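The values are calculated or read from the model by the stated rules, or taken from the named source; none is laboratory data. Because the structure is a prediction, the values reported are computed rather than measured. No Cβ is skipped: glycine too gets one built from the backbone with ideal geometry, and neighbour counts run over all protein chains shown. These accessible areas exclude ligands, DNA and RNA; they are computed on the full protein's heavy atoms, side chains included. Shrake-Rupley method; radii C 1.70, N 1.55, O 1.52, S 1.80 Å.
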Amino acid sequence: HLEVLALLDSKVFLQLVMANHDGLQNSDPTIVSQCASSIDHLATYIFLNMTRPKETVQRVMMHMQSDPDCFFHLMNTLFTSLLFAGGSTNHWPLTRPLLSLILISDAAYIAYRSHLSSSQSPENQAKLDLEFTRLTENLGRSLEVTNRDKFTQRVTIFRANVRAFMNL
């Protein structure tokens, strides 16, 4: 479907992306899962094809570059949901697009780390930096199932450790 969506105007394309972003904040877990899956599909497509000279890839990249903060907003919402949503929230669907986004936008990941860290005490900043480092150290730059599973396990540990010392 991206072949058709890529033909849209950038403004319309980004409205669709942001509608999925908004869906991540919905109270219905089914909607959250579907929106996370859509975002993962887009980010995975970009990651797997960004070096290919396909017209669809070029159009999608052009759309995404027309809003340089889009990846940051998606990542911010995903991490915020993981860290601050109630304990019973199923966080598994949120890990899929997180890995894809981290792989396609180091800048958004670094910006989110900095953003969250700046809101914490100096003691918590050091702990948070350590947890973010553990989350991605020695993580392969792939979206293979084994790498996704490894990342999901790390997110579970990251989430528990960060929630233990942050003021929620």
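Taking the numbered list (1) outside any loop (DSSP other than H, G, I, E, B); (2) touching a residue at least 40 places away in the same chain (Cβ under 8 Å); (3) open to solvent by 70 Å² or more (accessible area, probe 1.4 Å) in turn, ARG134 passes all entries but (2).
If only residues of region 60-101 that are within 20 Å of LYS11 (Cβ to Cβ) and touching an Asp or Glu at 6+ places or on another chain (Cβ under 9 Å) are counted, the one that is surrounded by the fewest Cβ atoms within 10 Å (Cβ to Cβ) is HIS73. Taken over region 151-167, residues that are of a type in the set (Val, Ile, Thr) and either open to solvent by 10 Å² or more (accessible area, probe 1.4 Å) or free of Cβ contacts under 8 Å to residues at least 12 places away in the same chain (or both) amount to 3. Could you say whether any residue in region 86-97 is modelled with pLDDT of 95 or more and part of a helix (DSSP H, G or I)? Yes - at least one qualifying residue is present in region 86-97. Is it true that THR30 is surrounded by 15 or more Cβ atoms within 10 Å (Cβ to Cβ) and among the hydroxyl-bearing types (Ser, Thr, Tyr)? No: the conditions fail for THR30.
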